[in-house]
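As structure tokens, the structure follows; a few thoughts come after it.
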Amino acid sequence: MADSPRDYYGVLGVSHEATPEEIKRAYRKLARELHPDVNPDPVSQERFKAVTAAYEVLSDPEKRRVVDLGGDPLQSGGGGAGNPFGGFGSFGDVFEAFFGGGGANRGPRSRSRQGADALLRVELTLSETAFGVRRDIAVDTAVVCETCHGNGCAAGAQPVTCASCGGSGEIQSVQRSFLGQVMTSRPCPSCAGTGQQIPHPCPTCGAEGRVRARRTITVDVPAGIEEGMRIRLSGQGEVGPGGGPAGDLYIEVHESPHDTFTRDGSDLHCTVALPMTAAALGTDLVLTTLDGEEKLDIRPGTQAGQVITLRGKGVPRLRSSARGDLLVHVEVRTPTKLDDEQERLLRQLAELRNEEVSVGSVRGGLFARMRDALGGNR
Ligand SMILES: [Zn+2]
Ligand SMILES: [Zn+2]
């Protein structure tokens with residue numbers, strides 16, 4: 001529901017032919033009158049927002065072009081950002097460009113900060129990922145310094161108020177701007193904004209409040225976990241600066257390739273190669289599955305490419321009692337070297353079955369079509 005395009009030129013009180021300089025001047029003049037510090041009443045604040053939005057649009061050649069074509073770059077369908085005033089993102093940009101940083105988040109920040117997450121890779125075999133495993137894993141992360149318990153001070157010492165900023169964590173300065181004098185502030189460089197200094201740092205961690213350490217944790221890998229999945233161990237990641245709360249530890253699972261099986265989710269695939277005669281006559285095979293030896297019944301007349309499905313012999317599904325299947329793909333090996341006797345027997349067989357080589361066993365189908373395509377009619 002687009003409103004009619006707003007009159008941005010009218011809001012700023014400039015003509016459609018105004019130069020960028022004139023637009024800037026008009027905005028400065030209005031912003032001086034309507035700035036929330038000067039005029040906190042709601043009506044002025046609304047006008048201030050409208051004026052700032054108009055300036056944002058008209059100071060941007062792309063957006064100004066949209067306006068000149070009768071559109072509204074701050075409305076959906078107008079070729080620009082969807083919401084009025086272009087959201088607080090762009091509004092804030094303009095505001096900050098003119099008035100310096102925003103007014104929120106004042107005061108010293110805590111010395112202790114949230115720690116980062118840590119990531120560890122672990123290599124598991126197929127049967128470990130399939131059925132789950134309990135693993136002891138060596139973890140190398142920042143931990144809370146035992147000497148100072150995270151406060152960063154030598155024994156008996158305490159942090160003191162920062163002399164540079166008086167404990168506020170910020171240094172303020174007054175700058176002249178077109179609005180008059182503007183107070184700006186930045187984090188205090190002496191104390192990194194914390195408002196505190198540590199005159200006697202802990203000898204173990206050098207006031208960091210944390211040290212690196214190796215420890216062993218026990219991880220229960222659930223059955224059915226897959227390549228690339230991550231196990232989250234809450235609060236086992238890096239301890240933050242100043243002994244801040246630890247992030248999380250992620251254990252990323254990598255499954256080492258299996259000699260026989262390839263995995264597709266909870267299904268397993270493998271290939272068995274049969275001699276031509278075994279495929280024709282049928283046979284029994286013993287296949288070593290994840291559950292042990294399994295008899296595989298090859299029916300007489302088994303074809304190359306046939307798939308034998310062993311239901312429930314795949315991988316358990318994660319957090320479920322169901323299991324995938326084991327799919328056995330049959331390959332038929334045609335003999336490549338025949339001695340005279342073997343060749344004679346095969347020819348005899350072919351003859352008995354009316355499968356002489358010159359005719360082939362393909363009736364119509366691909367073989368005949370190939371012959372036609374080559375232009376021969378026999
Ligand atoms: Zn320490
Ligand atoms: Zn300071």
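The values are calculated or read from the model by the stated rules, or taken from the named source; none is laboratory data. Because the structure is a prediction, the values reported are computed rather than measured. Cβ placement follows ideal geometry from the backbone for every residue including glycine, while neighbour counts extend to all protein chains displayed. Accessible surface is based on the protein model in full, side chains and every heavy atom, while ligands, DNA and RNA are left aside. Shrake-Rupley method; radii C 1.70, N 1.55, O 1.52, S 1.80 Å.
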### Task
Calculate the translational D of the stretch 126-179 in whole µm² s⁻¹ from Stokes-Einstein, where the hydrodynamic radius comes from the Kirkwood formula applied to all Cα pairs, the temperature is 37 °C and the viscosity 0.692 mPa s.
188
### Task
Classify the stretch 108-256 as rounded, prolate or oblate from the Cα gyration tensor: take a ≥ b ≥ c as the square roots of its eigenvalues, call it rounded if a/c is under 1.5, otherwise prolate when a/b beats b/c and oblate if not.
oblate
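Send over the Kirkwood Rh of the stretch 138-224, from the inverse of the averaged 1/r over different Cα pairs, rounded to one decimal Å.
When all Cα pairs of the stretch 138-224 are included, the Kirkwood radius is 16.0 Å.
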### Query
Protein chains only, probe 1.4 Å: how do PHE261, PHE178 rank by accessible area, largest first?
PHE178, PHE261
### Query
What is the gain in length, in nm to one decimal, between LEU69 and THR271 on full extension, counting 0.36 nm per residue of separation less the C-alpha to C-alpha distance?
66.0 nm
### Local electrostatic count, GLY237, Cβ distance below 14 Å [Lys/Arg +1, Asp/Glu -1]
+1
## Note on the structure
Length gained if ASP339 through ALA155 is fully extended, taking 0.36 nm per residue and subtracting the Cα-Cα distance, is 57.2 nm
### Query
Considering only protein heavy atoms, what is the solvent-accessible area of THR262 at a probe of 1.4 Å, reported in Å² to the nearest 10?
90
### Summary
Taking a ≥ b ≥ c as the square roots of the Cα gyration tensor eigenvalues, with a/c under 1.5 meaning rounded and otherwise prolate when a/b beats b/c or oblate if not, the stretch 224-305 comes out prolate
### Query
Considering every Cα-Cα pair within the stretch 213-268, what fraction, in whole percent, is farther apart than 16 Å?
56
### Task
Note down the relative contact order for the stretch 223-323 as a percent, whole number, built from C-alpha pairs under 8 angstrom at least six residues apart.
24
### Summary
At R0 = 35 Å the Cβ-Cβ FRET efficiency linking THR262 and GLU146, nearest 0.05, sits at 0.15
### Query
If you wrap the stretch 237-362's Cα atoms in a convex hull and average its projection over all directions, what's the area in nm²?
13.5
### Task
Any chance you could run the full-extension gain for ARG311 through THR216? It's 0.36 nm times the residue separation minus the Cα-Cα distance, nm to one decimal.
30.3 nm
### Cross-link partners of LYS24 among lysines (Cα-Cα below 24 Å; sequence separation of 8 or more within a chain)
LYS49, LYS63
